[in-house]
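For reference, the structure is listed below as structure tokens.
The values are calculated or read from the model by the stated rules, or taken from the named source; none is laboratory data. Owing to the predicted nature of the structure, the values given are computational and were not obtained by experimental measurement. A quick note on method: Cβ atoms are made from the backbone with ideal geometry, for glycine too, and the neighbour counts reach across all protein chains shown.
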Amino acid sequence: MVLRGKCWKFGDNIDTDVIIPARYLNTTNPNELASHLMEDADKEFVNKASAGDILIGGNNFGCGSSREHAPISIKGFGISCVIAKSFARIFFRNAINIGFPIIESPEVVEETDEGDELEVITKEGIIKNITKGLEYNIKAFPPFLQEIINNGGLMNWIAEVKLK
Amino acid sequence: MGMTITEKILAAHSDLETIEPDEIIECDVDIVLGNDITAPIAINEFEKLGVNEVFDREKIVLIPDHFTPNKDIKSAEQVKQLREFARKHNIKHFYDTGRVGIEHAFLPEQGIVTGGDCIIGADSHTCTYGALGAFATGVGSTDMAGAMTTGETWFKVPHSIKFIYYGKLNRWVFGKDLILYTIGRIGVEGARYKAMEFTGEVISSLPMEQRLTMCNMAIEAGGKSGIVAPDKITEDYLKDRSIRKPVFYQSDEDAEYIEEIEIDCETIEPQVAFPHLPENTKNVSEVSDVKIDQVVIGSCTNGWLGDLRIAAEILKGRRISPNVRCIVIPSTPEIYKQALKEGLIDIFVNADAVFSTPTCGPCLGGHMGILAEGERAVATTNRNFVGRMGHPKSEVYLASPAVAAASAIAGGIASPEEI
């Protein structure tokens, strides 16, 4: 899979309350959730960003509440992937489980500015910063997680591996 | 090599004799929990899979506590989905309004979770149950759906950090202050992916409710879990309560910790975490002139009977500042009834507080006490993120029930000493 998009950069400890405030959690509809994406960090975000864009975070991205609505609203908006220095563990699991690409790379985060165009070639583990002409190799996930990712998420993996 | 209590519990729930940190393992779970926000997604995922039955109708717990009593049509629809799923699958542990409490207080109180358990819950504060000597961690809805199907889940075995609390607690210092102090010291990702094992002479004499408060906030340091090894206090708490037989594990003396942190409790005074991260802690004596509009005493962190007793002790015969709204929320119906019996509710309402039925409500900005733009609250809850309790430009200050009650009277952040 090749993902290509413009980057939106956020800082450390972006919590799931900021990604999708609890006042909108009376629905599970991905489109409705997506319409409030990052609202408490930047009210205009949903008007500025486009499907395909990439979110960049600092340390501990997705900390706080376990709400899967956070990666669901990011995915629902059409964000192609999140690259962060590190992820909070529940957000990390949730993203893997719903088959949403996340990449941990302090180096890429440090060297990417908002507005840069990135290309992510997931299969080969390569990130290219088109704007700056840089290229990075990213670390592969452990084989067990890769198996879940290859199946498109946890429930597909259960259907294919556990229930067969 | 020895194993920690966390490693022992995880090994006992896998088919492995010994396990090591960073290893990915599959474990059986004793309890799978979800609430009215997270369970709907899990139910949808479960139903999409097309299996007819849950793995065990007695091991799934559905707790509508966040937007209940239902605040609007949409949240009523979400609880309806839980209710119908519970009926269809004959789920043993579904509790409706009037019978339900805030999940992380209700499950220990009712003995649904117990020592030695491996528990996952689609709520980040599931780590609370570590206080019973269990491994308990928060996950998302899809993990919940997976475990409802197979009775299993996967974990990366966490490294453990050992916290040793020694010395004597100062007056007005509680488990809440210890955990806020700890988060202030190590930061909101200081224990990311790790098990926080709370030990030492202070923990040995800390009442169960306050141990639960400490484990509850392990997630606020990024922890995968918090845990207190079982002792006499644990056994006494679980006796006559636990609906399954507890198993008690202890860390080996030669167990390996990635870090050991000693904390001298005699230097700790009541703590206040400033917006917008739980790590922004200050000693209450260093805080001056922070005027407040609201106080919330409750939540899965601090809505225990002991918490209400402390708040009532401070509020008794006094009136809340005319500029402050004070909302007191017992965590469970049992705590509500006991507060009624002990006359605590009288004290609260006579002090001009409101006394609510159990709900997560204001803690997550759901309902029952939302903040307007520019307003400030002192809350005994667990998070003070941007917009957590309402408007993105409102502010939440985290503290113990004692500091919260004192602040309600003073009209600004205050130490119980000042009242």
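Laid out as a table, the results:
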{"read-out": "Some residue of segment A:61-75 being of a type in the set (S, T, N, Q) and more than 13 Å from every other protein chain (Cβ to nearest Cβ)", "value": "no"}
{"read-out": "Contacts under 8 angstrom Cβ, first residue in segment A:147-162 being within 10 Å of chain B (Cβ to nearest Cβ) and on the phi > 0 side of the Ramachandran plot, partner surrounded by 14 or more Cβ atoms within 10 Å (Cβ to Cβ) and in a helix (DSSP H, G or I), 6 or more apart", "value": "A:Gly153/A:Ile96; A:Gly153/A:Asn97; A:Gly153/B:Thr142"}
{"read-out": "Residues satisfying the stated conditions in segment B:335-371, i.e. over 29 Å from B:His391 (Cα atoms) and either of a type outside the set (A, V, I, L, M, F, W, C) or modelled with pLDDT under 95 (or both)", "value": "B:Tyr336, B:Lys337, B:Gln338, B:Lys341, B:Glu342, B:Gly343, B:Asp346, B:Asn350"}
{"read-out": "Scan of segment B:89-136 for residues that are farther than 25 Å from B:Ala12 by Cα, in contact with a strand residue (DSSP E or B) (Cβ under 6 Å, 6 or more places away or on another chain) and among the acidic types (Asp, Glu), ordered by number", "value": "B:Glu103"}
{"read-out": "Scope segment B:385-406; condition touching a strand residue (DSSP E or B) at 6+ places or on another chain (Cβ under 8 Å) and within 18 Å of B:Ile329 (Cα to Cα); matching residues", "value": "B:Arg388, B:Met389, B:Gly390, B:Val396, B:Tyr397, B:Leu398, B:Ala399, B:Ser400, B:Pro401, B:Val403, B:Ala404, B:Ala405"}
{"read-out": "Which listed residue, of A:Val109, A:Val120, is farther than 23 Å from B:Ser225 by Cα, part of a helix (DSSP H, G or I) and in contact (Cβ under 8 Å) with a residue 12 or more places away in the chain", "value": "A:Val109"}
{"read-out": "Odd one out for A:Ile127 among (1) β-branched (Val, Ile, Thr); (2) closer than 30 Å to B:Glu279 by Cα; (3) out of contact with any Lys or Arg (no Cβ under 9 Å at 6 or more places or on another chain)", "value": "(2)"}
{"read-out": "Inter-residue pairs, beta-carbon under 7 Å, first more than 11 Å from B:Thr359 (Cα to Cα) and not assigned by TED's automatic domain parsing to the domain that holds B:Arg99 and in segment B:60-74, second in a loop (DSSP other than H, G, I, E, B) and at pLDDT below 95, 6+ apart", "value": "none"}
{"read-out": "Scope segment A:11-27; condition surrounded by fewer than 21 Cβ atoms within 10 Å (Cβ to Cβ) and either in contact (Cβ under 8 Å) with a residue 12 or more places away in the chain or assigned to a helix (DSSP H, G or I) (or both); matching residues", "value": "A:Gly11, A:Asp12, A:Arg23, A:Tyr24"}
{"read-out": "Any hit, segment B:399-409, residues being within 13 Å of chain A (Cβ to nearest Cβ), assigned to a loop (DSSP other than H, G, I, E, B) and not β-branched (Val, Ile, Thr)", "value": "no"}
{"read-out": "Residue selected from segment B:112-156 under the condition more than 25 Å from A:Phe100 (Cα to Cα) and touching a Lys or Arg at 6+ places or on another chain (Cβ under 7 Å), by the criterion nearest to the other protein chains (Cβ to nearest Cβ)", "value": "B:Ala131"}
{"read-out": "Residues (out of contact with any Ser or Thr (no Cβ under 6 Å at 6 or more places or on another chain), of a type outside the set (Val, Ile, Thr) and crowded, with 24+ Cβ neighbours inside 10 Å) located in segment B:166-201", "value": "B:Leu178, B:Ala191, B:Lys194, B:Met196, B:Phe198"}
{"read-out": "Qualifying residue in segment B:286-295 (condition: surrounded by fewer than 19 Cβ atoms within 10 Å (Cβ to Cβ) and outside any loop (DSSP other than H, G, I, E, B))", "value": "yes"}
